[in-house]
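Shown next, in structure tokens, is the structure this report addresses.
Since every read-out is calculated from the coordinates, none of them should be taken as a lab result. All values reported here derive from a predicted model rather than from experimental measurement. Neighbour counts run over all protein chains shown; Cβ positions are idealised from the backbone, glycine included.
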Amino acid sequence: MGFLKLQNVTKIYNNRYVLKDINISVKKGEIYALIGPSGAGKSTLLRIIDLLEKPSSGEVEFEGVKTGLLNEEGIVKLRRKMVLLSQKVVLFNMSVFGNVAYGLNLRKINYKIVKEKVNEVLNRVKMLEYAEQNALLLSGGEAQRIALARSIVLEPELLLLDEPTANLDPTNVALIENIIRELNAKHKTTIIIATHNMLQAKRLGDKVGFILNGELVEEGPPGQLFNQPIDERTKAFIDGTMIY
């Protein structure tokens, strides 16, 4: 039984294919990196995996469960095992601690446990000293780290990251990449990361998939995909010669 399988997943908006016959299999504890230009369908694919959107056709299977057959209660139960960190960070007008604790409080976790978990995660993202500061006063890189902390404090089995380091300085990029590696190594969290940064995909991914115009053109280990791509479109994208 696979951890996550997408079978012929297709999404159509206004008679236009946003995703077409996507077939992906992700193992438990794997980091899968999605690369491709803007508008290729990466964000839509993450939203479908997170059960925020339904595919027009095809099936998403999570831990052996065909999600298309679930009722609303079943979807909510399954979504508690996964978290999507969107590209646009939205923090609440409250303390850094309050932002990170938000999801745990919704789940009515005991405050003593909440405090312990939040402080541990803030320490992990090197933001513990900012715990009482208003989150809206943070810099872009700091805000992204808090958004990531808010996601990982829930201890998801599947973490979906949509351009988690876009427009960040090299220091914050390195910090966030280290957090992702540590989370995967220590907690065996399965991670799917959509990124424009091909070097990031190469550094982090156990497997890399290239999406273009809603189609999965090619996938494979980063060493193979980046150094010996099979499809000419993949080669053109990696070389920077693709016009799209």
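Points to keep in mind about this one:
- Within the chain, helix-based [θ] at 222 nm, where runs of 4 or more DSSP H residues each add -39,500 (n - 2.57), nearest 500: -11500 deg cm²/dmol
- Computed from backbone phi, the HN-Hα couplings of the range 183-196 come to 4, 6, 6, 7, 10, 6, 5, 7, 10, 10, 10, 9, 8, 7 Hz, rounded to whole numbers (Karplus: 6.51 cos²θ - 1.76 cosθ + 1.60, θ = phi - 60°; Gly and Pro given as x).
- Remark on Ile31: its backbone amide H falls under 5 Å from those of Ile191, Asp206, Lys207, a criterion applied only to residues 5 or more positions apart or on other chains, H modelled at 1.01 Å from N.
- The order of Thr165, Thr67, Thr171, going from fewest to most other C-beta atoms within 10 Å of their C-beta, is Thr171, Thr67, Thr165.
- Most fluctuating residue given options Leu137, Leu34, Leu19, as computed from a GNM of the chain linking Cα atoms under 10 Å: Leu137
- Karplus-derived HN-Hα couplings along the range 56-63 (A = 6.51, B = -1.76, C = 1.60, θ = phi - 60°), whole Hz, x at Gly and Pro: 5, 7, x, 9, 10, 10, 10, 6
- Charge dipole (Cα centre; +1 on Lys/Arg Cβ, -1 on Asp/Glu Cβ; no other charges) of the range 4-239 amounts to roughly 540 debye.
- If both residues of a DSSP beta bridge must be in the chain, then about 55% of such bridges are antiparallel.
- Fewest-first sequence of Met127, Met242 by Cβ atoms within 10 Å of each Cβ: Met242, Met127
- Taking every alpha-carbon pair in the chain and binning the separations at 5 Å intervals from zero gives 1, 6, 13, 17, 19, 16, 13, 8, 4, 1, 0, 0 percent.
- Computed from the C-beta positions of Asn93 and Glu132 and an R0 of 22 Å, the FRET efficiency is 0.95 to the nearest 0.05.
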